[in-house]
1. (1) surrounded by fewer than 12 Cβ atoms within 10 Å (Cβ to Cβ); (2) hydrophobic (A, V, I, L, M, F, W, C); (3) assigned to a helix (DSSP H, G or I): which one isn't true of L167, the others all being true?
2. Can you pull out the residues in segment 149-164 that are surrounded by fewer than 17 Cβ atoms within 10 Å (Cβ to Cβ) and in contact (Cβ under 8 Å) with a residue 24 or more places away in the chain?
3. Filter segment 70-92 down to residues that are among the aromatic types (F, W, Y) and modelled with pLDDT of 95 or more and give me whichever is nearest to the chain's Cα centre (by Cα).
4. Please identify the pairs in which a residue from segment 66-93 that is part of a helix (DSSP H, G or I) has its Cβ atom under 7 Å from the Cβ atom of a residue that is acidic (D, E) and surrounded by 17 or more Cβ atoms within 10 Å (Cβ to Cβ), counting only partners at least 6 apart or on another chain.
5. Among the residues of segment 1-46, which ones are without any contact (Cβ under 8 Å) to a residue 24 or more places away in the chain and within 13 Å of S95 (Cβ to Cβ)?
6. Take the residues of segment 38-65 that are of a type in the set (K, R) and out of contact with any strand residue (DSSP E or B) (no Cβ under 7 Å at 6 or more places or on another chain): which is farthest from N114 (Cα to Cα)?
7. Collect the residues in segment 1-42 that are buried (at least 17 other Cβ atoms within 10 Å of the Cβ) and small (G, A, S), keeping them in residue-number order.
Amino acid sequence: MISLIIFLFFFPACLGILRQVILSTELSHQLLALAIFLLCIEQANMANHDLQKVTDAKEQVKDARLNYFQIITIVTIIMELIGFYLSSIWLGWGSIVILFGLILFNLFVDIKINSSSENSSENSSQNIIQIWKISERLPVLIADMVGLLLISMWILKIGDFGISLGLFTMTMLYCSIKLFLFFTLLSTRLLIQ
């Protein structure tokens, strides 16, 4: 059910951003729109993943930190959706809202939910919920803030083609790493079974 709801919310935004890729006549605009399109798909996947993990964890343990995680995740998803829909019209301003949502999430979520504990015979809070230190979140926060700075410069038309290319490259690297980690985890799970 969560997957369907996420799809219904994110899919129209993806289509609107894809329209920007196809109809734009400026290459810098198209590159940025393509980066945001890929990010929209990835963030929809992450939204689904995070909401499913917190739902599964709540079935196993009672812990107030899960409610906090869920609230921050939902607020982040709402901000991202506003940003993605806004990007369908104004790429730069939509991107700023998206990045603020990502920064919010990485600043305030201080736990990780361990999905490998799902099959554990001992389902305790310590097995399922792990502390996520700010030092572990710092590289992502820095990348988000650099993205915010770059998109602000793009809006101001300061090196817009180079910035678009840089943001597109950053997004491609991010999505590639996430895809690599997904397939690595998937192959590890298949090998274990």
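The values are calculated or read from the model by the stated rules, or taken from the named source; none is laboratory data. Worth saying up front: this structure is predicted, and the values here are computed from it rather than measured. Cβ sites come from the backbone with ideal geometry, for glycine too, and all protein chains shown count toward neighbours.
1. It is condition (1) that L167 fails.
2. S152, I155, F161, listed by residue number.
3. Result: F84.
4. T73/D50
5. If the condition is that a residue be without any contact (Cβ under 8 Å) to a residue 24 or more places away in the chain and within 13 Å of S95 (Cβ to Cβ), then F37 is the only one that fits.
6. K62
7. A13, G16, S28, A33, A35
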